[in-house]
Amino acid sequence: MIIAAVEVAERSGFRLRRAGNDRLLIASAIALPCLALLIFFVFPLAMMLWRSLVADDGGIGFANYVALARTPGILKATLNSLTLGLATTVFCLILGFVLAYTMTRTRVPGSRVISAVLALPMLAPSLVLGLGLIFLLGRNGLISGMLGKRIDIYGLPGLLIADVLYALPQAVLILKAALAHADARYYDAAEVMGAGGWRQFFDITLPNVKFGLLSAGFVVFTVTITDFGNAAVIGGDYAVLATEIYNQVTGQMKFGIGAVVGLLLLAPTGIAVYIERVAAQRQFGGGAEGAVPPQLSFVPARDVPLSIVTGLATLSVLAVIGVVIYASFMRLWPYRLTFTLKHYDITLSGGYAPLWTSLLVSVVAASLGTFLLFALVYGIRRLPSWLAKIVYLVAVMPVGVPGLVLGLSYIFAFNIAGSPLSVLYGSALLLALCNFYHYHSQGFLTMVTGMRAVPPALEEAATCLGSGAGEVLANVIIPVMSPTLVSVFFFLFMRSMVTLSAVIFLVTPSLGIAAVSVMRLDEAGFVSQAAAFSTCIMLVVCAAALAMQLALKWLAARGGRR
């Protein structure tokens, strides 16, 4: 009896210890990412809001707002940003719908090739597109030389083309997803009732993708008005809000006015993101159960014009990216077009040190970000419903903050003399955290989707068999979520490698980033070396994309063998 009592006591003690460990694990999974979100997202934005109210003489009030209203050119920059954003949105929606429709509803060949080429702008810093347009259409560009005419590509025309090419892939992805929700039964019924192709298009196709169009439109608008790279390279005298923030802070050291401009840029972006999220929920929340995908058929009167437009758009993207790579191997652009590797012997702007720094920053951002996002999503599942909604809302808020604004807010939060957080300023860790929270929302939503794929019955079965929270996590949740973890890791790595706006204010003379070095080389007139550095960045990101595909295939094959 004594032995039995001891065994019961030991089992009870073991259960109590495991229950305590389970509670500690869950509490840590909730507290750590939430604390980091408060410190590295909420706190910097609050500091920027406070800094906008602090005048140069130390007074508190709206002096910076008044000074901004009196600043020459600020109204023009605002109108220019809105004009550029609206124009880019219109072009991207029209062209993006044509491309998405061609790839999903027609038998035009080469859909995979088209998708791969359209993804190229997302694998390079945004300024690469502006650089490519200069190589093609600039005063000494290839096409300008062929035509024998000096084309003025700087300003609104060049910036509009660059932004359309930059935002187009994201519009196509959203519209392809929207068009994938079609149900062939509606089209069959319409055909039986005598409706022709155009009638079916306007009465069935367009209404079904209206929320996808709205979502894509606001994504394009947000990306355009917050982009800094293209505006810095090819914008010329066409001032926009993104360059105005940069000029106020780095050129005139007016941090208070820079904070006000940041808030001004934050307002339309936040509204656009909110409407986009509502549209996305409407679009993808009501798909018909058992929908039958439409049968693809070749209709020459429709498919031939669509294939021509699609081919021209694809070739345009390929030409703009390709000419940058081509120019990096030419001895003296555009006068001596002979092969050379001398431009890859980069000694200016820190040489290749910024590229290695970018690799380090990207690996840290991806590793730390994947861990924090997984912990946050794991912890949210175990929170009360009302509290989980609050955490969810804060977690998706970063998507409405432009990278330029977030980077500026980090100056106000982490460059304070005497603050314990100031030790982070000028470090690779702070750059990594800035990049992570710049793309926090996209990674969080992807992680939420992956967590929903974990079967609750499997968790319950493991728990009933005596597994603790740690064992369920290691043996059930993580194996099921492995593809999602891999995808989020590489997404954060690739975006961190190419981002410019989020870190432009945080680089120092001793800590450079690859995308910023490309901008510096271009500003100094070393365009061929800028092209070479851009090519190196694209090679790294393409290698990461290939590694992600191989890892996902390996996980799929491993899961199939189980």
- Only residues that are open to solvent by 10 Å² or more (accessible area, probe 1.4 Å), within 20 Å of A531 (Cα to Cα) and of a type in the set (A, V, I, L, M): list them for region 99-152, please. V117, A119, L120, M122, L123, I134, L136, L137, L142, I143
- Those residues of region 350-382 which are more than 24 Å from C542 (Cβ to Cβ) and without any contact (Cβ under 8 Å) to a residue 40 or more places away in the chain, in sequence order: F371
- In region 84-104, anything of a type outside the set (A, V, I, L, M) and within 20 Å of L214 (Cβ to Cβ) is listed as G85, T88, T89, F91, C92, G96, F97, Y101, T104
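Which of the following residues is farther than 28 Å from I234 by Cα and open to solvent by 10 Å² or more (accessible area, probe 1.4 Å): A524, A551?
Working: A524 fails: farther than 28 Å from I234 by Cα.
It is A551.
Out of region 510-562, which residues are of a type in the set (F, W, Y) and within 14 Å of I325 (Cα to Cα)? Before you say what the answer is, go through the steps one by one.
As a first pass, look at region 510-562 and keep what is of a type in the set (F, W, Y): 526, 533, 554.
F533 - this is the single residue of region 510-562 that is of a type in the set (F, W, Y) and within 14 Å of I325 (Cα to Cα).
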- Message: Which of the numbered conditions does A36 fail, given that it passes all the others? Conditions: (1) among the small types (G, A, S); (2) more than 30 Å from K389 (Cα to Cα); (3) modelled with pLDDT of 80 or more; (4) open to solvent by less than 40 Å² (accessible area, probe 1.4 Å).
- Response: (2)
- Can you give me the ranges of the helices (runs of 4 or more DSSP H) entirely in region 373-472 with at least 1 residues that are out of contact with any strand residue (DSSP E or B) (no Cβ under 7 Å at 6 or more places or on another chain), among the small types (G, A, S) and at pLDDT 85 or above? 385-396, 403-414, 428-438, 440-452
- Residues of region 77-125 being closer than 26 Å to R495 by Cβ and among the aromatic types (F, W, Y), in sequence order, are F91, F97
- Query: How many residues does region 328-350 hold that are open to solvent by less than 20 Å² (accessible area, probe 1.4 Å) and under 27 Å from the mean Cα position of the chain (by Cα)?
  - Reply: 1
- Message: If I ask for residues that are touching a residue at least 40 places away in the same chain (Cβ under 8 Å), open to solvent by 20 Å² or more (accessible area, probe 1.4 Å) and assigned to a loop (DSSP other than H, G, I, E, B), which ones from region 508-521 would you list?
- Response: S510, G512
- Counting only residues that are free of Cβ contacts under 8 Å to residues at least 24 places away in the same chain and open to solvent by less than 40 Å² (accessible area, probe 1.4 Å), how many does region 473-506 have? 1
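The values are calculated or read from the model by the stated rules, or taken from the named source; none is laboratory data. Everything numeric in this text was worked out from a predicted model, so none of it was measured. Using ideal geometry, Cβ is built from the backbone for each residue, glycine included, and neighbour counts are taken over all protein chains shown. Calculation scope for accessible area: heavy atoms of the full protein, side chains included, ligands and nucleic acids excluded. Shrake-Rupley method; radii C 1.70, N 1.55, O 1.52, S 1.80 Å.
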